[in-house]
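Some notes on the structure that comes next.
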Amino acid sequence: PSQNRALSLREGALLQGFPLSYEQVQMLRSSYFLLLYNITEMLMTSFIEQASSIIISNHYKPRELPEQFYRLWLSCMLKTKEINISSENRIDLAKELHSAIESNSDIINFTIKKPNSGNWAIEEIQNFIKKLNIPVSIPCATYKIAHRPILNDKPVLEAVRDIRNKLAHGEKSFVECSDGMENSRLAEITNIQLAYLDALANELDTFLNN
């Protein structure tokens, strides 16, 4: 290898005719992990925003909501009032909630709280879906592969999330996070993650449409 450990033409690491150094290639690969994680975050954020929007735009009423979404609506009502429940105001708040339920008026305030950025992996997705009682059926082969340890003894979404967080929090450099990572390995990780997210997206889309 040359002094700067430039990759050969055979590796395809050229930018406008100039070879990239090993460190530069690793930085690009680490940046790719950020993009991979962002796909997961984008999918879940989009679902949350669409679900909230559908309830308001379709003029749902409290009594029409499934139990899990009804509870979320009550939570939204409590939070928007910014009242200390232990104070004397809780009686007035109870009356207001009772009135809103009895009148069965259109819901005008509904927001599903999402986890903080950088927290999505398979376990968190499954817990979120279970909390909302959303029926999701991932093909068996896709499910098994997505749960199989693939990088750093972790399943794909968890591994990608952890790399993203180490980069975001400065725990590791962009060179360190993908040190020794080959393109073929990166392609395998990508294919497994996208297969799982594609199946998940179809299930969430079906739920929203129904």
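The values are calculated or read from the model by the stated rules, or taken from the named source; none is laboratory data. This one's a predicted model, so the numbers in the text were calculated from it and none came from an experiment. FYI the Cβ positions are ideal-geometry reconstructions off the backbone, even for glycines, and counts take in every protein chain you see. When the accessible area is computed, the model is the full protein with side chains, heavy atoms only, and any ligands, DNA or RNA have been set aside. Shrake-Rupley method; radii C 1.70, N 1.55, O 1.52, S 1.80 Å.
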* Structure fact -> Listed by first then second residue, the pairs whose first member lies in the range 112-131 and is over 24 Å from LEU65 (Cβ atoms), whose partner is among the polar types (S, T, N, Q), with beta carbons under 6 Å and at least 6 positions apart or on separate chains, are GLY118/ASN165; TRP120/THR40
* **Given (1) acidic (Asp, Glu); (2) more than 27 Å from THR190 (Cβ to Cβ); (3) at pLDDT below 85, number of the condition GLU11 does not satisfy** => (2)
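Per-residue answers, yes or no, for (1) surrounded by 15 or more Cβ atoms within 10 Å (Cβ to Cβ); (2) touching a helix residue (DSSP H, G or I) at 6+ places or on another chain (Cβ under 8 Å):
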position	(1), (2)
ASN109	no, yes
ASN116	no, no
LEU151	yes, yes
VAL160	yes, yes
ARG185	no, no
* Counting residues that are under 16 Å from the mean Cα position of the chain (by Cα) and among the aromatic types (Phe, Trp, Tyr), which helices (runs of 4 or more DSSP H) fully inside the range 108-180 reach at least 1? -> 122-131
* What are the residues in the range 35-59 that are of a type in the set (A, V, I, L, M, F, W, C) and surrounded by fewer than 20 Cβ atoms within 10 Å (Cβ to Cβ), if any? -> LEU35, ILE39, MET42, LEU43, ILE48, ALA51, ILE54, ILE56
* Residue tally, condition modelled with pLDDT of 60 or more, farther than 24 Å from TYR60 by Cβ and open to solvent by less than 80 Å² (accessible area, probe 1.4 Å), over the range 74-107 -> 1
* To do: Pick out the one residue from LEU208, LEU132 that is surrounded by 15 or more Cβ atoms within 10 Å (Cβ to Cβ), aliphatic (A, V, I, L, M) and under 20 Å from GLU41 (Cα atoms).
  => LEU132
